[in-house]
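*Asks:* Provided herewith is a single structure, encoded as structure tokens, for subsequent inquiry.
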Amino acid sequence: SSATRCEIAVFEVIGENLDLAMSKDEVVALIGDGECAVKTLTRNHLYCEPPTQQPSVAATKKREAADTLPEFTVRQPISVLFCVCGVSQ
């Protein structure tokens, strides 16, 4: 299967109190089954560098959507999983 090359240099998430429960070194951000390398985590922003190839949809996808776009998820150190949204190129 051919992979789609991602052209996004940095992925930005905007929210509130993002750094209250975890530090930049603890947070794990995923796009589908690929890791998005966290570069910055502040109170209102998370910036991460996506994988160079578009990841496949994670096998543990919980959303019942008709599309096949990978989801962006953030894991806390205590294994709490947040699904933020679907991701497209």
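*Asks:* Go through the stretch 16-27 residue by residue and turn each phi into a ³J(HN,Hα) via Karplus (6.51, -1.76, 1.60, θ = phi - 60°); whole Hz please, and just put x for glycine and proline.
*Replies:* Karplus values, whole Hz, x for Gly and Pro: 10, 6, 5, 9, 6, 9, 7, 9, 4, 6, 8, 6.
*Asks:* While we're on this one: Order of I14, I31 from fewest to most other C-beta atoms within 10 Å?
*Replies:* Values: I14 8, I31 23.
Arranged by neighbour count, lowest to highest, I14, I31 become I14, I31.
*Asks:* Among V10, V38, rank each residue by its count of other Cβ atoms within 10 Å, from fewest to most, as a rough exposure measure.
*Replies:* Values: V10 12, V38 21.
If I rank by nearby Cβ atoms, fewest first, I get V10, V38.
*Asks:* Considering the zone a paramagnetic label at Q76 would reach in this model (a point 7 Å from Cα along the Cα-to-Cβ line), which residues of the stretch 12-26 have amide N under 19 Å from it?
*Replies:* Residues 13-26 qualify, since their backbone N sits under 19 Å from the label point.
*Asks:* What ranking of L20, L46, L69 emerges when the number of other C-beta atoms within 10 Å of each C-beta is taken as an exposure proxy, fewest first? Don't skip to the end; give the middle numbers.
*Replies:* Values: L20 7, L46 23, L69 17.
Fewest to most other Cβ atoms nearby, the residues stand as L20, L69, L46.
*Asks:* In addition: Return the long-range amide H neighbours of V28 (sequence gap of 5 or more, or a different chain), with a cut-off of under 5 Å between placed amide H atoms.
*Replies:* Counting only residues 5 or more places away or on other chains, the set is R75.
Read-outs throughout are calculated quantities, based only on the coordinates presented, and are distinct from any laboratory measurement. Worth saying up front: this structure is predicted, and the values here are computed from it rather than measured. Here the Cβ is made from the backbone with ideal geometry for all residues, glycine too, and neighbour counts use every protein chain on show.
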